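Only the coordinates and a few stated rules stand behind these numbers; no lab work does. This structure is a prediction, so every number in the text was calculated from the model and none was measured. Here the Cβ positions follow ideal geometry from the backbone for every residue, glycine too, while neighbour counts run over all protein chains shown.
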Amino acid sequence: METIKDIDISGKRVLIRVDVNVPLDEHNNIADDTRIRAVLPTINYALDENAKVIIASHMGRPGGKVDSKLSLAPVAKRFSRLLKKDVNFAPDCVGPEVTSMVNGMQAGDVLLLENLRFHPGEQKNEDSFAKELAALCDVFVNDAFAVAHRGNASVVAITQHAPVCVAGFLLKNELNYFAQALEDPARPLVAIIGGAKVSDKLGALENLLQRVDKLLIGGAMANTFLKCMDYEVGESLVENGLLWDARSLMKTATKRGTGFYIPVDAVVADRFDKNAETKIVPIQEVPEKWLIMDIGPATSLLYSEVLYGAKTIIWNGPMGVFEMDAFSRGTLSMVNYVANSYALSIAGGGSTDVAIYRAGESHRITYISTGGGAFLDLLEGKTLPAVAALEEAGEPA
Ligand code: 3PG
Ligand code: MG
């Protein structure tokens, strides 16, 4: 896959599709600008090469209509601050006004377009909309990993119309690290999978079981595995419809000789509340009517020993309700084990990144993905439509 570095962009109109779908607070301020910072290398490179830089992104799910609360205006300001230069903001992403703004650009100018999803054509992958976007540029750069799993016009159909299509550094990095972790990993390869539901992770678990040496399970999804082994889990969330699948996954692991680890103890609470009464119990002794909220210290120790020997670690999903302090210890201690390990470590999706940043350990994880759904789709072994489209566009006709 060619990147922006492989082509000449000097003086050209370069449309960089990024994913700056960042969380906003109630005053429309940016609550976390990680995704904005993540695309700066590509933008700075384009500026150093004297390109005319046009940035496009979506924000939220406005459903094809204008919604002022989901304007990218606050993002334009943040870009301007981080790039230390003026960033013009277009009131739309296509149309005559945008075209004339683009026509007026000088080399080294930056223009951010308004939310792509204000147009229904974006999420419908409409050709006519993609054509309009493509007409704004000489070169299309996809640097939007986090939306690469969506068949949207600005990442898929556009590659049929833009004269030249390449990847940005973030997209390339995300794919490279992922391949290093899952396609040709140093072994042992250990996966940590947490989060609330087995149903969200079934595909990922099935795929991972074909590839990993050991699998550590945490979060509420562990309850379904515990239940399928006839442990009582009180009032904890269980997906009863998936007990058969859970059992079958564990059987596959046994057959393949893959270590499949589930919690041996738990932090339980008498209600789902940060001020609930809590205690630590062996997994056989979860009291009736109580809920499992986090892995316990024995599980944490057991998992740390597994991680200690790992050469590659891939992590998706927290170990418990880490948003509440009383139930954050399992997840935060896992962050420390992963950070302390000698392994190549990749984390992403399901607020795993949030936990890592909260623990202050982001610099000691090899790579933290900016993707949620896109990262999970890679874990499931799926091809990302935007990546496939970019690869196809790069092939000689
Ligand atoms: C995300 O945050 O998941 C990406 O920006 C994609 O957004 P979507 O889930 O609304 O398609
Ligand atoms: Mg999403």
For segment 18-153: lysine pairs under 18 Å (alpha-carbon distance), excluding those fewer than 8 apart on one chain
5
Packing-wise, with mean Cβ within 10 Å as the measure, how do 151-164, 349-362 rank, highest first?
151-164, 349-362
If amide H atoms are modeled at 1.01 Å from N in the peptide plane, then the residues at a separation of 5 or more from Cys93, or on another chain, having amide H under 5 Å from its own are Glu114
Of the candidates Ala347, Leu378, Phe118, the farthest towards the positive dipole end of the chain (Lys/Arg Cβ +1, Asp/Glu Cβ -1, centred on the Cα centre) is Ala347
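If Rh is defined by the Kirkwood formula over all Cα pairs and Rg also comes from Cα, what ratio Rg/Rh do you get for segment 258-326?
Numbers: Rg = 13.3 Å, Rh = 13.1 Å.
That ratio is 1.02, to two decimals.
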In percent, how large is the relative contact order of segment 249-397, given Cα pairs closer than 8 Å and 6 or more residues apart?
16
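To the nearest whole percent, what portion of all C-alpha pairs in the chain is separated by more than 32 angstrom? Each step should come with its number before you reach the end.
Values: 31472 of 78606 pairs.
For the chain, the share of Cα pairs beyond 32 Å comes to 40 percent.
If you place +1 on the Cβ of every Lys and Arg and -1 on the Cβ of every Asp and Glu, how big does the dipole about the Cα centre of the chain come out, in debye to the nearest 20? Provide the component values of the computation, followed by the final result.
Details: 39 positive and 50 negative charges, 70 e Å.
Approximately 340 debye in magnitude.
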Environment charge of Leu226, counting only residues whose C-beta is closer than 13 Å and scoring Lys/Arg +1, Asp/Glu -1:
-3
Rounded to the nearest 500, the 222 nm mean residue ellipticity computed for the chain from DSSP H runs (n ≥ 4, each -39500 (n - 2.57)) alone is -10000 deg cm²/dmol
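Among residues other than Thr159 whose Cβ falls under 13 Å from its Cβ, what is the net charge (Lys/Arg +1, Asp/Glu -1)? Intermediate values should be presented prior to the final figure.
Working: positive: Arg17, Lys131; negative: Glu2, Asp127, Glu391, Glu392, Glu395.
Once all neighbours under 13 Å are counted, the net charge is -3.
Once you charge only the Cβ atoms, +1 for Lys and Arg and -1 for Asp and Glu, what is the size of the charge dipole of segment 107-198 about its Cα centre, to the nearest 20 debye? Mind dumping the intermediate values first?
Values: 7 positive and 11 negative charges, 86 e Å.
So the magnitude is around 420 debye.
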Kindly rank 137-150, 11-24 from highest to lowest mean number of other beta carbons found within 10 Å of each residue.
137-150, 11-24
Mind checking which of Asn44, Leu307, Ala388 is farthest towards the positive end of the chain's charge dipole, using Cβ charges of +1 (Lys, Arg) and -1 (Asp, Glu) about the Cα centre?
Leu307
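Could you tally the net charge around Leu133, taking each other residue with its Cβ under 14 Å from the Cβ of Leu133, Lys/Arg +1 and Asp/Glu -1? Don't jump to the answer; show the numbers that get you there.
Working: positive: Arg13, Arg17, Arg117, Lys124, Lys131; negative: Asp92, Glu114, Glu122, Glu126, Asp127, Glu132, Asp138.
Every neighbour counted, the sum reads -2.
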